[in-house]
Structures are given as C-alpha cells and as structure tokens.
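Here, each number is a calculation from the coordinates, and none is a lab measurement. Note that the structure is a prediction, hence the values are computed from the model and not measured. Ideal geometry is used to build each Cβ from the backbone, glycine not excepted, and the neighbour counts take in all protein chains shown.
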Amino acid sequence: MSIEVRNLSRRFGAFAALDDVSAVFPSGKLVALLGPSGSGKTTLLRIIAGLESADTGTVLFEGKDATARSARDRRVGFVFQHYALFRHMSVFENIAFGLRVKPRRERPPEEKIRSRVHELLGLVQLEGLAGRLPGQLSGGQRQRVALARALAVDPSVLLLDEPFGALDARVREELRRWLRRLHDEIHVTSLFVTHDVEEALEVADVVVVMNHGRIEQVGTPDEVYERPVNAFVCNFLGHVNLFHARVHEGRAQIGTLEVEAPAHAAARDRQAIAYARPHELDIERTRTSESGIESTVVQILPVGPIVRVGLRRSDTGEPFEAELGKESARRLGLTVGERVFARPSNLRIFAEDYVI
Ligand code: ADP
Ligand code: MG
C-alpha cells in the first residue's frame with residue numbers, strides 16, 4: 001500500500017507543527033521520518049494514521065483519498081514508544097486482541113486466532129512466552145509483542161513512533177536490525193519515526209529528513225548522507241567540519257585550497273560555508289599540485305581503530321578535525337604543532353545566505 005500526503009499543514013495555536021508537507025511513501029518500503037525533537041514527525045505520523053486531522057491537505061492510500069476515513073478504516077498498525085500493552089493480559093491475549101475485538105462477522109474463529117497468534121509469536125521470536133504477562137518480559141521483548149499485536153490484523157501500513165526510544169543502546173541496536181530483517185520478510189509499507197540518525201541510516205530504505213514542520217530531503221540513506229541538499233541536512237546527519245569560504249564564478253577558495261564549485265557558477269565573490277566530514281579529510285605533509293587547507297596539528301587522539309587529529313586553519317584559526325585509520329596515521333607519523341595540508345575528498349558548499 002503506497003501512501004501519499006499532499007500539502008499537509010497543521011497548526012497548534014500560532015505554531016506550525018506541519019507546514020505544507022508533501023511526500024510519497026512507496027509501497028513495501030521501510031521509511032524513516034528523521035528529524036530533531038519538535039520537527040513534526042509524530043504529527044505527520046498521527047495524521048497518516050487518522051488519529052489527528054490536518055488543517056489543510058490530503059492523505060492518499062494507494063492513490064485514493066483517505067482523509068475522511070477513520071483510523072480503523074485505514075487499517076493502520078501502530079507501535080508507540082511506550083509499549084502500551086495490556087498489563088493484565090498474557091502475551092497471547094495481547095497479540096490476539098485486535099482479532100477478538102473485530103465485529104462478529106469479520107472475527108476469525110478461535111482456531112484461526114490461535115494459529116495466527118502462534119505464527120506471529122514465531123515471527124517476532126517469542127515462541128514459548130505466550131503465557132507470560134508483560135511485566136515478566138524485558139523491554140525489548142515487550143516491543144516485539146507490541147509489533148506482533150500491530151501485525152495481527154494484517155495492517156495495510158505499519159506506523160512506528162520512536163519504537164526503540166525507551167530501550168537501552170545495546171537492545172536498541174539489536175532490535176533495529178531485527179526490524180530490518182522482519183521487514184524483509186513481511187514487506188508491509190512501514191513508516192518509523194526516529195531522532196536517531198544512526199538508526200535511520202542503518203535500517204531504512206528511504207529517509208525523510210524533517211525540520212521545523214517541513215521536509216528538507218527525501219532519499220536513500222546513502223543519498224541523504226553523501227549528498228545533503230542543504231546545510232541543515234548535512235549538519236544533522238553527522239559530525240561535520242565547517243569552513244568559511246568564498247565562491248566566485250564556479251570556484252571556491254578555502255584558505256590555501258581552491259576547488260571547482262560548479263553549483264556556484266553564477267556567484268560573484270560571495271561568502272559560503274563548506275562542509276567536510278572528518279573521515280573525508282586526508283592529511284598531507286607537503287603541498288601537492290592539488291593544494292590542501294594549510295593547518296597546524298593541535299591534537300592527536302587515538303580512539304579504537306581510528307585516530308582523531310585536531311587541526312587549526314592557518315589563515316582563520318578555525319578548529320576542525322580529521323579522522324584517519326590507525327595504519328595511515330602511523331605511516332604519516334604526525335606530531336603536535338607541525339604544519340600540514342588537509343585535503344577534502346568530498347566537500348559540500350552552500351552559499352551563506354542559504355536559509356537553514
Ligand atoms: P516530533 O515528533 O518531531 O518531536 P511533534 O510532531 O510531536 O514533533 O510536534 C511538533 C510540534 O508541535 C512541537 O513543537 C509540539 O510542541 C507541537 N505540538 C504537537 N502536538 C501538540 C498539541 N496537541 N498541542 C500543542 N502543540 C502540539
Ligand atoms: Mg515525536
């Protein structure tokens with residue numbers, strides 16, 4: 001089931017929680033809605049679910065207008081951050097719940113309910129725990145029960161709001177990999193909300209980056225990480241170094257480094273900001289034909305398999321950081337205080353007046 005939203009806006013008083021949001025979520029994909037707290041992720045999810053209404057705009061399921069349809073009618077499975085299991089019901093009954101409350105003529109016979117619940121227990125790897133109460137499960141197990149419960153009624157779409165948010169880091173990591181594998185088996189169109197960049201990049205087929213009630217970018221994890229469309233996405237998706245630069249007729253100047261900047265062909269001596277991630281900087285001792293940014297080494301910090309090198313730009317004094325593999329750091333043999341050239345293998349340049 002594909003989902004499309006068109007021109008959704010939602011205000012709370014004077015505050016625009018969603019501001020003219022349009023997007024298409026293709027059928028069978030696992031989509032992450034990623035953004036900082038307050039960016040409108042939950043509001044968008046709840047409007048798609050039919051739990052909240054938009055002030056303006058349309059929600060389409062499989063190309064058909066679903067705006068007026070109730071949550072139940074939309075056949076949406078929902079998993080929240082806080083388990084919301086029925087505490088006095090066994091795991092089995094929690095999962096069976098959605099089937100038992102169906103109107104009589106749609107309700108499957110008891111035999112069917114039992115086999116469906118057991119099938120789901122297998123799917124979420126909780127066979128053998130059917131008789132337990134939620135209080136007798138770990139946090140991760142409870143979220144798997146919540147997921148099985150959402151899947152029991154064969155939802156047309158699965159919506160998950162920070163499903164692993166309340167779990168500790170280790171369990172989160174396990175569960176998100178498990179969700180990825182589960183999705184590969186069941187292929188139900190799924191949207192999950194997260195503010196955790198790593199979670200979105202690792203798990204999703206498609207990442208929707210949100211900020212201030214708007215969608216900044218939609219793309220594969222690789223696209224949004226490697227080719228962010230603006231400074232916000234670049235910053236939000238991972239540690240970046242920021243370099244003040246000037247752009248002029250398709251070229252950019254960053255200290256001693258001059259590079260092609262074809263996107264800025266029309267620029268006439270304008271200020272810009274260039275971004276490079278720490279692992280995208282090579283360090284060279286001598287100035288080569290392709291010049292680097294002249295800098296001084298201020299710190300060398302081995303961290304597990306990598307070495308973080310703190311640097312300071314010679315012309316502006318701006319601090320930045322490069323990340324080297326242990327082996328290449330050893331070969332370079334850098335010392336604090338020495339002059340080097342930092343050469344970016346990937347540089348994203350945004351004109352300064354770009355609205356963040
Ligand atoms: P996110 O899930 O990205 O953290 P939300 O969609 O929950 O963001 O909220 C977006 C903004 O809308 C927040 O600033 C929040 O305070 C506001 N908001 C959400 N729901 C309500 C509500 N029922 N009443 C008032 N403000 C709300
Ligand atoms: Mg939220």
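Placing unit charges on each Cβ (+1 for Lys and Arg, -1 for Asp and Glu) gives the stretch 239-350 a dipole about its Cα centre, and among HIS279, GLN253, GLY292 the Cα reaching farthest toward its positive end belongs to HIS279. Taking the Cα centre of the chain as origin and assigning +1 to Lys and Arg Cβ atoms and -1 to Asp and Glu Cβ atoms, the resulting dipole is close to 1300 debye. Projecting label points 7 angstrom from Cα along Cα→Cβ for LEU133 and ARG104 puts them 3.3 nm apart. Arranged from fewest to most other beta-carbon atoms within 10 Å of their beta carbon, ILE3, ILE113 become ILE113, ILE3.
Tally Lys and Arg at +1 and Asp and Glu at -1 over the other residues with C-beta under 13 Å from the C-beta of ARG132: what net charge comes out? Value of the local net charge: +1. The local environment of GLY57, defined by Cβ-Cβ distances under 10 Å, has a net charge of 0 under the rule Lys, Arg +1 and Asp, Glu -1. At an R0 of 25 angstrom, the distance between the Cβ atoms of ARG339 and ARG227 translates into a FRET efficiency of 0.15. Within the same chain, lysines fewer than 8 places from LYS64 are excluded, and of the rest, those with a Cα less than 21 Å from its Cα are LYS29. Qualifying chymotrypsin sites (Phe, Trp or Tyr not before Pro) in the stretch 63-140, where qualification requires a DSSP coil assignment and no more than 15 other C-beta atoms within 10 Å, comprise PHE86.
Find out how many positive minus negative residues lie around GLN299, taking Lys and Arg as positive, Asp and Glu as negative, among other residues whose Cβ is under 11 Å from that of GLN299. After counting each charged neighbour, the total is +1. Per-residue extension of 0.36 nm, minus the Cα-Cα distance of ALA265 and THR67, leaves a gain of 66.9 nm for this segment. Simple point charges give the picture: +1 on the Cβ of Lys and Arg, -1 on the Cβ of Asp and Glu, and for the stretch 108-209 a dipole about the Cα centre of about 380 debye.
Relative to the longest principal axis of the Cα atoms of the chain, the long axis of helix 169-186 makes an angle of roughly 60 degrees. Helix-only arithmetic for the chain: the sum of -39500 (n - 2.57) across DSSP H runs with n ≥ 4, divided by the residue total, places the mean residue ellipticity at 222 nm at -7500 deg cm²/dmol.
R0 = 30 Å: FRET efficiency of ASN235 with THR286, Cβ-based, nearest 0.05? The pair ASN235/THR286 has a calculated efficiency of 0.40. For THR256, the residues 5 or more places off, or on other chains, whose built amide H falls under 5 Å of its own are GLU294.
One decimal place: the segment SER22-GLU258 gains 81.1 nm when fully extended, by the rule 0.36 nm per residue minus the C-alpha distance.
In summary, the aspartates and glutamates within cross-link reach of LYS112, defined as a Cα separation below 18 angstrom excluding same-chain residues under 8 places away, comprise GLU93, GLU127, ASP154. For the stretch 81-112, trypsin sites (Lys or Arg not before Pro) are listed when DSSP marks them as loop and at most 13 other Cβ atoms sit within 10 Å of their Cβ; the list is ARG87, ARG104, ARG105.
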